[in-house]
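Each remark here refers to the structure printed beneath this line.
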C-alpha cells in the first residue's frame, strides 16, 4: 500500500479554517446547530418526554430530541402511525420518482469511508457532454422527469462550468434538476441555478467536527464549516430547495440526526420559502475496504430517525436511499418518505448501452429495481407515482 | 334538494355557468379521488397543479381528469407575482384554458398566501385575459383590492392548507360574503362535510375540498357526503336560516303588535 501522508495528523490542514476562495458568509446557523448537538444527551429523555412529543400538535426541537432518543424506541409503532398520518396530510398518496446520474467520479478528497476517495484504486471516468446527453436521453426514456446530478469533488476534472453544462442538458429532458456536488460559493450556485438547477443536497456526513476531522483527511471537503454552510449559500444563490443528510454510522447517529434536523429547521426559519428535504443514508460496504460496514444503525434505528424527521418537520421531503433493500423502502414510502429513486446506477455511464468508458460506483446499492418495477411497487402500496412535483420558474 | 336545482341556482365564473358548487382541490391526487369527485359529488371544476402536469409523459395527472370538467390550473410553487404569472402562462400554453387559481406562498411550513403579491399578480393576469381566482388570507381591504385588480372570485382560506380544521377564519369570511359582490369560494381547511355545509349556509358561493376526501377511509363515499353537504348548505342559505338557527329567540308574533298607530 502506498504511503499516505495525511494518515499522520501532523500532516493535515486545520479542518475549521477556510481556504482561499472559499466564501465566508455572515451566519450563526452552524454555531446554533453545533450547540444543539453538543447539548444533546439522548439518554436523558424519558418515556414521558416521548409521550409529550407524540401528543404535541406542533413539535419543538425538544420534542424532536425526545423522538430520537433511546426512550422512543419502544414507541416506534406509535411513531409510525403518527408519521403516516402526517405524511398523508401533507403529501397525500404522492410519491415522486427520480434517479441519480453520476457524471464524474474523479475526486481530490480523502474521505476514509468513501469509494470515490483519491487513494482508492477504482476506475475513474468522466462523461463528456455527448455522454451526459446520451445518459439523460436514456433516463428520460424511462419516463422519469426528476434527475439528481452528482460528481466527485474535483474542480479540475468537474468544474462549475462542466456541471453547468450538465444542468443545461438536463433541462432539455427533465422538469426537476437537483445537484449533489461539492460545496460552492453563492455566485456559483446562482450560476448553476441559471443553468437550470433548482435543488441542492449536501451530505454533511457527520456534524461531530472532531470525528469529521478524523474521516476527511485531505481535499476541500476537509473544511468543515464551508460544508455546513453550503445549503445557506445555495439558498442565497436562488435555489428553491436544499437537502440535508448525515451519513448515519460515522459518529453517534442520534446526535448526528439531531444536528441534521436542527440544521434544516434553523434554515427554514431563516429562509421561510425554502423547500426542505432530508436524505437518510447509513454506511454501506465500499469497494476495497471490508472494514467499512454499518455498525450500530440497524433498520430499526434508521426508521426511528426517518420517523422523527417526519414528525418534527411534517412538510419536509424525505428521500429513501437505494442503499436500503426494496422491502424496507417500499414500507417507508407513504409512512414518511416522499421520494424514491429508481433505475439507479451509481457508476459512470451505466444508463445508456452505448457508454464505453464506465467508471466504478461510489457504493453498493441494495435496491436495483428498474423504473417500471419501482413504479409498480408504489402502486401496489396504494400510492400514486409522480414524475414531476416542481416547476422551474 | 331538488328545489335547489329547479330554481336554476347556478354559479357563474368567467362567463361559464356551473350547476355544482363543489370544486375538487388538487393537493392530493389519485385517479379514484377524481372519479369519485366527479361521479359521486358532481364536481364540474377540478384544480390542477401545473407543477404536477407532465404533458405527454408518464403518470400525467391531466390523463386522469375527465374531459367534461373545467380545469382550474393553480400556480402552486410560485413565490412571487412574477413566478405566478409565468406559471399561469405555462398552463395556458399547455391547453388548460384561461382559468387560473392564483397561489403565491413564501413559507413552506404554513403555506399561507402572500396577499400583497397576489394582488399584483391578479392585476397582471386579468389584463392578459385570464379568469383569475386568487387564494388569499381573508382580509376585507385585500378582497376589495382584488376586485379592483380584476379577480373573477375571491378564495379565502378557511384554515391552513391540509389542516382539515374547518372554518378557523369564519368571522372574516362572513365579512367578505357580506361586503364583496364577487363569488366567495372557501379554499383550504375544509376537512368534514359538516364544515362545508356550514360554509355554504354562510352564503359562500362554493367550497373547494381535497384532503378531507383524499385521506378518508372510503374516498367515493366521502366524496358523496361532501356533495350532499354542499347542496344542503346551499339550500339552507337560499331558504334563509330560521329563527333558531340564525339569531336565537324570536317571538312568532311581533312583540310591538299592540301599539296603535
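Centre-to-centre, using Cα atoms only, segment A:1-60 and segment A:298-350 are separated by 22 Å.
On average over all directions, what projected area in square nanometres does chain B have, based on the convex hull of its Cα atoms?
Over every viewing direction, the Cα hull of chain B projects on average to 16.3 nm².
Per residue, the convex hull around the alpha carbon atoms of segment A:1-155 comes to 235 Å³.
As an exercise, use a Förster radius of 25 Å and the Cβ-Cβ distance of residue A:328 and residue B:107 to find the FRET efficiency, rounded to the nearest 0.05. Mind showing how you got there, number by number?
Working: r = 33 Å, r/R0 = 1.31.
Efficiency computed from Cβ-Cβ geometry: 0.15.
Shown is the FRET efficiency for residue A:137 and residue B:8, computed with R0 = 41 Å from the Cβ-Cβ distance and rounded to the nearest 0.05: 0.15. Find the centroid of the Cα atoms in segment B:101-159 and in segment B:175-246, then give the distance between the two in whole Å. The distance from the Cα centre of segment B:101-159 to that of segment B:175-246 comes to 21 Å.
What number, rounded to the nearest 500 deg cm²/dmol, is the helix-based mean residue ellipticity at 222 nm of chain B, given -39500 (n - 2.57) per DSSP H run of at least four residues and division by all its residues? Present the calculation step by step, with values, prior to reporting the outcome.
Working: 10 runs with 99 residues, N = 261.
Value at 222 nm, helices only: -11000 deg cm²/dmol.
A simple spin-label model places pseudo-atoms 7 Å from Cα toward Cβ; at residue A:81 and residue A:56 they are separated by 2.1 nm. Legend: mean number of C-beta atoms from other chains within 10 angstrom of residue C-beta atoms, peptide A:380-393, equals 6.
Given a Förster radius of 35 Å and the C-beta distance between residue A:123 and residue B:67 as r, what FRET efficiency does 1/(1 + (r/R0)^6) yield to the nearest 0.05? Walk me through the intermediate numbers first.
Details: r = 53 Å, r/R0 = 1.51.
E between residue A:123 and residue B:67, to the nearest 0.05, is 0.10.
With N set to the residue count of the protein assembly as shown, report its C-alpha Rg divided by 2.2 N^0.38 Å to two decimal places.
Details: Rg = 27.0 Å, N = 654, 2.2 N^0.38 = 25.8 Å.
Normalised Rg, Cα atoms only: 1.04.
Look at the Cα gyration tensor of segment B:108-261: its axes a ≥ b ≥ c give a/c of at least 1.5 with a/b at or below b/c, and that counts as oblate.
Label separation (residue B:139 vs residue A:210): 5.1 nm, computed from points 7 Å beyond Cα along the C-beta direction. Distance between the 7 Å Cα→Cβ label points at residue B:86 and residue A:13: 3.6 nm. Computed over Cα pairs, the Kirkwood radius of segment A:2-386 leads via Stokes-Einstein (0.692 mPa s, 37 °C) to a diffusion coefficient of 156 µm² per second. In the calculated pair-distance distribution of segment B:22-121, the portion above 20 angstrom amounts to 38 percent of the Cα-Cα pairs.
Would you mind computing the Rg to Rh ratio of segment A:112-226 from its alpha-carbon coordinates, Kirkwood style for Rh? Show your work: numbers first, answer last.
Values: Rg = 15.2 Å, Rh = 15.4 Å.
That ratio equals 0.99.
Angle of helix B:170-179 to the longest C-alpha principal axis of chain B, folded into 0 to 90 degrees and rounded to 10: 80°. Residue ranges B:219-225, B:230-236 sort as B:230-236, B:219-225 when ordered by packing (mean number of other C-beta atoms within 10 Å per residue, highest first).
Where a number appears in this text, it was derived from the coordinates with a stated rule and is not lab data. Computed from a predicted structure; not experimentally measured. A quick note on method: Cβ atoms are made from the backbone with ideal geometry, for glycine too, and the neighbour counts reach across all protein chains shown.
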